[in-house]
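These notes are about the structure you will find just below.
The values are calculated or read from the model by the stated rules, or taken from the named source; none is laboratory data. Note that the structure is a prediction, hence the values are computed from the model and not measured. Counting neighbours? That spans all protein chains shown, and the Cβs are built from the backbone with ideal geometry, glycine included.
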2 protein chains.
Amino acid sequence: MTMGDLLGYPAAFLTTIAFVPQAWKSWKTRDLSGISLPMYALFTLGVALWFGYGIVIGSMPVITANGITLVLASIVLWLKISAR
Amino acid sequence: MTMGDLLGYPAAFLTTIAFVPQAWKSWKTRDLSGISLPMYALFTLGVALWFGYGIVIGSMPVITANGITLVLASIVLWLKISAR
């Protein structure tokens, strides 16, 4: 395992699971007032493109990480749009 | 320019600049109630590791994108901690 792997795998893990507590909090409290709609619109679109990028380059880590994040970010985006 | 580039560059751009409206909104309104502290703690740590990963593999796009996101996510994390 290289130095890159030792940083890259935990990095991918953390930035993916980070959206679990946010999606859970937003779902449970329905308090979306401090959440930026443009952030989640841009971010969800970006993650969808990362997902497509993973498919094109055939990278299962990119597909998996961004597939999970896409679901979680979409939940927050949808709750934010519903809460307006 | 490959199909991968056509997806990867806008993907990196969108997931990086997405944090600008969130950091701005959080800074201006100081409304952090809907923001998940665990999310920003995990995410900021993960982005810091991505930044280190970029240095180790010598990837300027990874360094640049995660350097910008690190600053923006740190602002939201710091505002959230201060607001408690």
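Structure notes:
- The single condition among (1) of a type outside the set (S, T, N, Q); (2) within 20 Å of A:Ile35 (Cα to Cα); (3) assigned to a helix (DSSP H, G or I); (4) within 17 Å of the chain's Cα centre (by Cα) that B:Lys28 does not meet is (4).
- Qualifying residue in the range A:34-54 (condition: out of contact with any Pro (no Cβ under 9 Å at 6 or more places or on another chain) and surrounded by fewer than 17 Cβ atoms within 10 Å (Cβ to Cβ)): no
- Top-ranked residue of the range B:59-79 - restricted to ones that are out of contact with any Ser or Thr (no Cβ under 6 Å at 6 or more places or on another chain) and β-branched (Val, Ile, Thr), ranked as modelled with the lowest pLDDT: B:Val62
- Residue ID - farthest from B:Thr16 (Cα to Cα), chosen from residues in the range A:28-37 that are aliphatic (A, V, I, L, M) and facing chain B (nearest Cβ under 7 Å): A:Leu32
- Put simply, of A:Tyr40, A:Tyr9, A:Tyr53 the only residue that is assigned to a helix (DSSP H, G or I), at the interface with chain B (Cβ under 7 Å from one of its Cβ atoms) and hydroxyl-bearing (Ser, Thr, Tyr) is A:Tyr53.
- Taking the criterion of being farther than 17 Å from A:Ala73 by Cβ, free of Cβ contacts under 8 Å to residues at least 24 places away in the same chain and of a type in the set (D, E, K, R), the residues of the range B:17-69 that qualify are B:Lys28, B:Asp31.
- Applying the set (1) under 27 Å from B:Lys25 (Cβ atoms); (2) over 15 Å from the mean Cα position of the chain (by Cα) to A:Leu6 leaves exactly one unmet item: (1).
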